[in-house]
Ligand code: SF4
């Protein structure tokens, strides 16, 4: 236990506002927090669905929770049920074998619902495209508010995408 | 030669790994497989191709592995009756592989289990998407999706269906638990949800482009797959990448292993109730990813390995930075290992949980990290030793307990070994080119790639077509071999331990749904 506590103290707080450049991202964080406070009373619940990704995008979604990005400190949390979710984060091209499951997940969410499509695959179908096995981009299957390109998008790009979805919702 | 005793006419494939190719009739397959098994070999991959555009029928492909090398066997099957003997009694992994091949091409092992594997509702049994005459853009009429799970009956037995959408940020698949009280009597897996038609997608791609798709078969193993693809293509071209490129490939492969193991150790701590572990290990993983982004231009090193070499040059300073990072990581991971080792709550969750005995692992043909944690000594970095592992002297780690604790220890041990290998690369690497152009490649040539990724071996089998395009390409993920083992490992454990056991295997869905 002593070692464990010592390690916590030694490492200190790693959470950073800006991963690379300073002010631009700090702004982003403040805005993000404000948007979340305004729209979602300080708490945004996200449900992630892998609709057929290569698992690369999931790796970056995982990284959002590491101490550097510390997404929970922004009031954003990942929830286990679509019924608890404000926003659906969808990765991958939509495999035809996942089409029904994705639609059902979307239907199970309470309105108003936001959808962010993640990665080149989510945006366009990516390298997998459309075929007998793939419906292509997420927007071919459910309504998408924001699409975040990248293969996979970095955690910062993901945060920006989430912010954009919330602010778009605030406007409209 | 590794497969001499089979008395087949074999030709050696040029390239980085010891590999041979041969042909045989389907009827002879059981005897050959049996002989290979008796000699300590195993089934590495099984798939099919359509040759009807060449006036033939189908071909069933088997990749059989021994520690010393790989045998790629081809058996012609007639177009009107593409049947072959069921190989699953000899090699357990053949069960699902045969079903998958049947779904895509209609070639049939006539095994007792007639259920589809990859085919859910997106196409019907009469549609064969991988045939050449099936248009790549065609969309089939939806079939029914009523998979017949095995039911367990008895007093108090009930079922828990889970998925395909899981509660966490993970890939989709369906697990059907039959339980009594809180004990798991049976777990049945139903995968294939992320099937994206990768084999079909490969067809007709430029050979040089295919590496990008190979690198997206399973995103967490992008380096392993890209290398395996390039190895196959370079075998076809009979061209070797420059020495510096090979060193850099090994460096990237070991960094991929380190990053994944760090992430897994964090999640395993978390699932064991120690959130501290997640925060600590994810911080270390993020540091590794940032170093990758700085030196290779991509956090996961996607598209960094290209046919003929590598696409990025970290330079001397970059390598020095990696060396310094290795020292820091080694210190940090040792510290965390001590904390994990001394944490009674965590060890209580890890020890004896999700045990896969060596005997079961051997029967199932389990490989890779999970295999080594159950005394299955397969690691081609230490066995077939493709360059630069011939110089690197990788030391294989194994454990005999096969429980979650053993798979945790394997990850710690392999991180330390990978750190040693990375340092060794930095010591050995010389200056020079990082890529050579490949010559034009005639059609009808075949090459094999075989790389020990962090999860286990990635196999890529490639055939060239006209105009520098791919005729066929098949990628095989070690998860094919290891998914069935998960079902054995959870038997008699309690349902709440499933996430921990599952994480300790951390198998790929995308990699085998393809
Ligand atoms: S965008 Fe890239 S990383 Fe994400 S699922 Fe597609 S191929 Fe994988």
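Would you mind getting me the FRET efficiency between residue B:79 and residue B:155? Use the beta-carbon distance for r and R0 = 45 Å, nearest 0.05.
In this case the efficiency is close to 0.30.
Set the Förster radius R0 to 41 Å, insert the Cβ-Cβ distance between residue A:77 and residue B:139 as r into 1/(1 + (r/R0)^6), and round the FRET efficiency to 0.05.
0.65
Just counting partner chain Cβ atoms within 10 Å, what average do the residues of peptide B:158-171 show around their Cβ?
Per residue, the average neighbour count from other chains is 5.
Kindly provide the helix-only [θ] at 222 nm of chain B, computed as the sum of -39,500 (n - 2.57) over DSSP H runs of four or more divided by all residues, to the nearest 500 deg cm²/dmol?
Taken over chain B, the calculation gives -12000 deg cm²/dmol.
Hey, what did segment A:87-172 get for relative contact order, percent, Cα under 8 Å, at least 6 apart?
Relative contact order comes out at 32 percent.
Would you mind getting the Kirkwood hydrodynamic radius of segment B:198-278 from its Cα pairs, rounded to one decimal in Å?
For segment B:198-278, the Kirkwood estimate is 14.6 Å.
Per 20 Å bin from zero, what fraction in whole % of the C-alpha pairs of the protein assembly as shown is there, up to the bin with the longest pair?
18, 55, 25, 1
Dividing the Cα radius of gyration by the Kirkwood radius, what Rg/Rh value follows for segment B:395-514?
1.09
Distances longer than 19 Å among the Cα atoms of segment B:199-343: what percent of all pairs is that?
56 percent
If one computes the Cα centroid of segment B:481-506 and of segment B:60-99, what distance in Å separates the two points?
27 Å
If you find the alpha carbon centre of segment B:101-125 and of segment A:78-129, how far apart are they in angstrom?
Measuring centre to centre over Cα atoms gives 28 Å.
Neighbour counts of other C-beta atoms within 10 Å: give me B:452, B:68, B:234, A:72 arranged from fewest to most.
A:72, B:68, B:234, B:452
Enter the Cα centre distance for the pair segment B:314-379 and segment B:14-38, rounded to the nearest angstrom.
Segment B:314-379 and segment B:14-38 have Cα centres separated by 33 Å.
Restricting to Cα pairs below 8 Å that are 6+ residues apart, what does the relative contact order work out to for chain B? Please round to a whole percent.
Here the relative contact order equals 18 percent.
Tell me, B:434, A:166, B:426 in order of fewest to most beta-carbon neighbours within 10 Å?
Ordered from fewest to most neighbouring Cβ atoms within 10 Å, B:434, A:166, B:426 come out as B:426, B:434, A:166.
Hey, got the average number of other protein chain Cβ atoms within 10 angstrom for residues in B:270-282?
The mean count of partner-chain Cβ atoms within 10 Å per residue comes to 3.
Give me the three principal axis extents of segment B:21-74 from the C-alpha atoms, as integers in angstrom, largest value leading.
So the three principal-axis extents are 37, 20, 14 Å.
Applying a 10 Å radius around every beta-carbon, put B:339-350, B:42-53 in order of their mean neighbour count, most first.
B:42-53, B:339-350
Report the label-to-label distance for residue B:335 and residue B:357 in nanometres (one decimal), using points 7 Å from each Cα along the Cα→Cβ vector.
4.2 nm
Would you mind computing the Rg to Rh ratio of chain B from its alpha-carbon coordinates, Kirkwood style for Rh?
Here the Rg-to-Rh quotient is 0.95.
Order the peptides B:150-158, B:307-315 from the highest to the lowest mean number of other Cβ atoms within 10 Å of their residues.
Ranking, from highest mean packing down: B:307-315, B:150-158.
Using the number of other C-beta atoms within 10 angstrom as an exposure proxy, rank B:218, A:131, A:167 with the fewest first.
A:167, A:131, B:218
Taking the Cα atoms of segment B:1-107, what is the range of coordinates along each of the three principal axes, in descending order and whole Å?
That gives 36, 29, 23 Å along the principal axes, largest extent first.
Can you tell me the FRET efficiency between residue B:423 and residue A:11 if r is taken as the Cβ-Cβ distance and R0 is 22 Å, rounded to the nearest 0.05?
0.35
Cα gyration tensor of segment B:158-255, axes a ≥ b ≥ c as square roots of the eigenvalues: rounded (a/c below 1.5), prolate (a/b > b/c) or oblate?
Taking the square roots of the gyration eigenvalues as a ≥ b ≥ c, segment B:158-255 is prolate.
So what does log10 I(q)/I(0) come out to for segment A:100-172 at q = 0.13, 0.23 Å⁻¹, using the Debye formula with one equal point on every Cα and no solvent?
Evaluating at q = 0.13, 0.23 Å⁻¹ gives log10 I(q)/I(0) of -0.40, -1.08.
Throughout, read-outs are computed from the coordinates displayed, never taken from laboratory work. Remember, predicted model here, so these are calculated numbers, not experimental data. Using ideal geometry, Cβ is built from the backbone for each residue, glycine included, and neighbour counts are taken over all protein chains shown.
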